[in-house]
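I have placed the structure first, in the form of structure tokens, so that the comments after it can refer back to it.
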Amino acid sequence: MASAAPAFLSAFPGLFQPERGFSFQRSTVRYGRLAPWVPVVGLEIHAQISSNSKLFSGSQVQFAAPPNSLVSFFDASLPGTLPVLNRRCVEAAVMTGLALNCSINKKSLFDRKHYFYADLPAGYQITQQRVPIAVNGSLSYSLCIDSKMSQMVTKTVRIKQIQLEQDSGKSLHDDTRSQTLVDLNRAGVGLMEVVMEPDMCCGEEAAAAVRELQLILQTLGSSQAVMAEGQLRVDANVSVHHPGEPYGVRTEVKNINSIRFLAKAIDYEIQRQIEELENGGTILNETRAFDSKLGCTVPMRDKEGKQDYRFMPEPNLPPLILYDAKSLPANMNHQQVINIDWIHERLPDLPSVKRKKLVEQYGILPEHSFTLLNEEGLAEFFESVVKQTQMKPKKVIGWILKDLLSYLKQHSLTVKESPVSSFVLADLLNLLEKKEISSTAAKQVLAELWKGEGKTPLEIVKEQKLELLQDQKELEQICQAVIDGHKNEVMAIKAGNPKVLNKLIGLVQKKTQGRSNPVLVKQLLEKKLSG
């Protein structure tokens, strides 16, 4: 059966490679050899809350601290220790729930979820299984579905719930000595688990949804969400079925800590399940891991059921009670309670709102607004340049995305680490806008600025004599010399091939070392060729 396979691209340039072999609409997805399949993807995302201390103890939270240096008696589960709930973690969860259009439960409960792992000293995790802090939300995200990044589609995934829970410690495997060491620094760190409904159908959709969630968390400040530091970890639930049939048996791909790997892991798992079923096999309800080196998922263990976790109410924590403006008692100490409405009023502009404002205010393309927000600090850099230059925003965006961003990626630098500040770039673009230099010369100056030697654009222009050639007679003589020396090109142009004119313009630019205005050169050449 023929496979419908348009190129599938994310709205975030450079993050993902196009995946082929399936169409975009879930109802017409075609994988495998025999019949159409419908992949189903749901996500469980653990976001580490940005907080100075842990969820139930006063221990400090710090990445890469010496092993077991940030462990309280409660974190180590010593007898007689009791949990004390961190207000900041509750506020972060409420803020995140509101940003994801959730209903906030004014009364939520804590539960014990039992595991028996070496890095979980109590033998259980405190979580919210019965009544979580937030439910029934939604997250909208966008994808580009053509190779030119110009056709975008917006999709929505439902948020089932957001729950507060504590993190486990970390097992460090020493293969040389055949032993496992345990670091409890992370034990008890506050997490928000965001559970998404199975509304997605491929790796690219899941990756785009997670990236949007990551931007929202960072905008709110509720989580730094740095995946490389384990602050955002994703579990993907994947299954396949034929149209009109019940959902298939799902597998869980655990602890994916890269958006790129998330897309690859899900698409690999979809294809693996289809091939298994088409070859007469069965899908096991199991937990798998993604091997990034091999590019495939591998079995870890059988999937636990709810009965394995032996959920029970947490006896040492009372119900978590929240208030809004209507339910807040008159004589209540405001510092001792959490007011949902107060938090809602102070929500910052979310990424979707920021993109809309960028498009409306500066007239840039929607896909450009995605790129600006996708790179941390790039939108602020762009706006700073626009404020300091006479160049129109539509032209500035080209220099930001094509030139500056390519330099940053080439040298693996963040926007904050750029040796070219927004002030310096604006200074350069002003020279170009005032027609004191050509665009070719401007690129040369930018390359020099990138060396970080502290010179201003104007100093570089003067040192390298890159000023625009102002003597029109001299420029006319150069244009005539190029025409006289390239008879074949002149004949081609007069025969009806105007594209060859670009070659002559380039030759004039070369002779003037980029100091001529291409627009003026074109006008002079056309005048002489028509004469």
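The values are calculated or read from the model by the stated rules, or taken from the named source; none is laboratory data. The structure displayed is predicted, hence computed values, not measured ones. Every residue, glycine as well, gets a Cβ built from its backbone with ideal geometry; the counts of neighbours run over all protein chains shown. The protein model used for the area step is the full one, side chains on, heavy atoms only, and it has no ligands, DNA or RNA in it. Shrake-Rupley method; radii C 1.70, N 1.55, O 1.52, S 1.80 Å.
Details
- With Cα atoms defining each centre, the stretch 481-531 and the stretch 227-271 are spaced 56 Å apart in the structure.
- For Lys354, Lys434, Lys326, the ranking by accessible surface with the largest value first comes to Lys326, Lys434, Lys354, using a 1.4 Å probe.
- Distance violations [Cα-Cα > 21 Å] among Lys494/Lys527; Lys402/Lys510; Lys54/Lys264: Lys402/Lys510; Lys54/Lys264
- The stretch 165-205: C-alpha gyration tensor shape, a/c 1.5 cut-off, then a/b vs b/c: oblate
- Cα centroid separation, the stretch 401-456 to the stretch 67-125 (Å): 47
- The chain, relative contact order [Cα under 8 Å, separation at least 6], %: 13
- Debye, to nearest 20: dipole size of the chain, +1 on Lys, Arg Cβ, -1 on Asp, Glu Cβ: 1440
- Packing-based ranking, highest mean first, of 446-454, 192-200, 328-336 given that Cβ atoms within 10 Å are counted: 192-200, 446-454, 328-336
- The stretch 55-100 shape via C-alpha gyration tensor axes, a/c threshold 1.5: oblate
- All-pairs Cα distance distribution in the stretch 450-522, expressed in whole percent, bin size 10 Å: 18, 41, 24, 13, 4, 0
- Divided by 2.2 N^0.38 Å, where N counts the residues, the Cα radius of gyration of the chain comes to 1.23.
- In the context of the full set of protein chains, the stretch 423-504 has a per residue accessible area of 58 Å² (1.4 Å probe).
- Percent accessible area from carbon and sulfur atoms, the chain, protein chains only, probe 1.4 Å: 51
- If you sort Leu232, Leu109 by accessible surface, 1.4 Å probe, largest first, the order is Leu109, Leu232.
- For the stretch 182-258, the Kirkwood radius over C-alpha pairs fed into Stokes-Einstein at 10 °C and 1.306 mPa s yields D = 110 µm² per second.
- Across the stretch 335-381, the convex hull enclosing all Cα atoms gives 103 Å³ per residue.
- Its Kirkwood hydrodynamic radius, worked out from the mean inverse distance over all distinct Cα pairs, puts the stretch 404-443 at 11.0 Å.
- Near the amide H of Val182, within less than 5 Å, lie the amide hydrogens of Leu172, all on another chain or at least 5 residues away, with H placed in the peptide plane.
- Taking all protein chains as shown and a probe of 1.4 angstrom, Thr297 keeps an accessible surface of around 10 Å².
- With DNA, RNA and ligands ignored, accessible area of Tyr362 (1.4 Å probe; Å², nearest 10): 20
- Largest to smallest principal axis extent of the C-alpha atoms in the stretch 42-181, angstrom: 56, 46, 26
- Mean separation of Cα contacts under 8 Å, 6 or more apart, over the residue count of the stretch 392-482: relative contact order %: 23
- Using a cut-off of 24 Å between Cα atoms, the listed pairs Lys155/Lys409; Lys409/Lys522; Lys392/Lys443; Lys434/Lys462; Lys465/Lys499; Lys392/Lys451 include Lys155/Lys409; Lys409/Lys522; Lys465/Lys499; Lys392/Lys451 as exceeding that distance.
- Residues in the stretch 389-404 carry Karplus couplings, in order, of 10, 8, 6, 5, x, 5, 7, 4, 4, x, 5, 5, 7, 8, 9, 4 Hz; the curve used is 6.51 cos²θ - 1.76 cosθ + 1.60 with θ = phi - 60°, and Gly or Pro positions show x.
- Shape category assigned to the stretch 129-287 from the gyration tensor of Cα positions, a/c cut at 1.5: oblate
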